[in-house]
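Everything on this sheet refers to the single structure shown next.
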Amino acid sequence: MQTGLLHLHNLLRWIILILLVLSIYKSYIGMSSKKPFEASDKKTWLFTMIAGHITLLLGLYQWLLGRYGLLSYVKAEDTAGANIDSAYLRFFQMEHPISMILAIVLITLGHGMAKKNVDDAVKYKKAFRYFLLALVLIIVAVPWPYRVLVGRPLFPGM
């Protein structure tokens, strides 16, 4: 079960990235062309937020109860690999979760702009900023395959 949830969490990053890039594109086009806010923009932003929250819930489960979770990981007594182990654990127990929680907060704020009763140009501009910052945080904090020590495959389980 742990492996399946981890693979699902890893695969959902692609859905978030695709939806986030689409949300950034739609908000940029709306901002630059000064078009009126449309229902399709609101739906795209909603789907981006839903995908982010589902991935966050799976990630929080992994963070607490996963293989290296805060509540389930028992560190070995030997300290031969302490430096490697601490960098690995620091990434998956601190850096990755905190960055992703912040990114999901930004995505939620971006979606919240769709509900605000403000000028459409302001909606697009603020949403663009929130989504762009969230994308940067996600790209920085994902364990991409090229990252030494913490890298994960692009498509796990395949």
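Measure nothing but the geometry: give the 0 to 90° angle between the long axis through the Cα atoms of 2-33 and the longest principal axis through the Cα atoms of the chain, rounded to 10°.
Around 30 degrees separate the two axes.
From the list (i) 15.4; (ii) 16.8; (iii) 16.2, can you say which value of Kirkwood radius over Cα pairs in Å was derived from the structure given?
Step by step, Kirkwood radius over Cα pairs in Å for this structure corresponds to label (ii).
Among HIS96, HIS111, HIS7, HIS53, what is the fewest-to-most ranking by other Cβ atoms within 10 Å? Before the final figure, lay out the partial values.
Working: HIS96 19, HIS111 22, HIS7 16, HIS53 13.
Lowest to highest Cβ neighbour count: HIS53, HIS7, HIS96, HIS111.
Pull out the extension gain between ARG67 and ILE139, defined as 0.36 nm times the separation in residues minus the alpha carbon to alpha carbon distance; nm, one decimal.
Working: separation 72, 0.36 × 72 = 25.92 nm, distance 2.31 nm.
Length gained, ARG67 through ILE139: 23.6 nm.
Working from Cα positions, state the angle (0 to 90°, nearest 10) between the long axis of helix 120-141 and the longest principal axis of the chain.
Long axis of 120-141 versus the principal axis of the chain: about 20 degrees.
Can you give the relative contact order of the chain as a percent, counting alpha carbon pairs under 8 Å and 6+ residues apart? It would help to have the intermediate numbers written out before the result.
Values: 160 pairs, mean separation 47.3, N = 158.
RCO, the chain: 30 percent.
Mind checking the angle between helix 96-112 and the chain's longest principal axis? C-alpha axes, 0 to 90 degrees, to the nearest 10.
Relative to the chain, helix 96-112 is tipped by roughly 20 degrees.
Between LYS43 and ILE98, what is 0.36 nm times their sequence separation minus the Cα-Cα distance? Round to one decimal in nm. Before the final figure, lay out each step's value.
Values: separation 55, 0.36 × 55 = 19.80 nm, distance 2.68 nm.
This chain segment gains 17.1 nm when fully extended.
Select from MET94, MET49, MET31 the residue whose mean-square fluctuation is largest in a Gaussian network model of the chain (Cα-Cα springs shorter than 10 Å).
Largest GNM mean-square fluctuation: MET94.
Of the residues ALA141, ALA39, ALA51, which exhibits the maximal mean-square fluctuation in a Gaussian network model of the chain defined by a 10 Å Cα contact cut-off?
Among ALA141, ALA39, ALA51, the largest mean-square fluctuation in the Gaussian network model of the chain belongs to ALA39.
Given only helices, namely DSSP H runs of n ≥ 4 each adding -39500 (n - 2.57), what is the per-residue ellipticity at 222 nm of the chain, to the nearest 500 deg cm²/dmol?
Details: 5 runs with 107 residues, N = 158.
After summing the helix terms and dividing by residue count, I get -23500 deg cm²/dmol.
Taken together, the values in this text are just the output of simple stated rules run on the coordinates, not laboratory data. Quick caveat, the model's predicted, so the values are computed rather than measured. Every residue, glycine among them, receives a Cβ derived from its backbone with ideal geometry; neighbour counts consider all protein chains shown.
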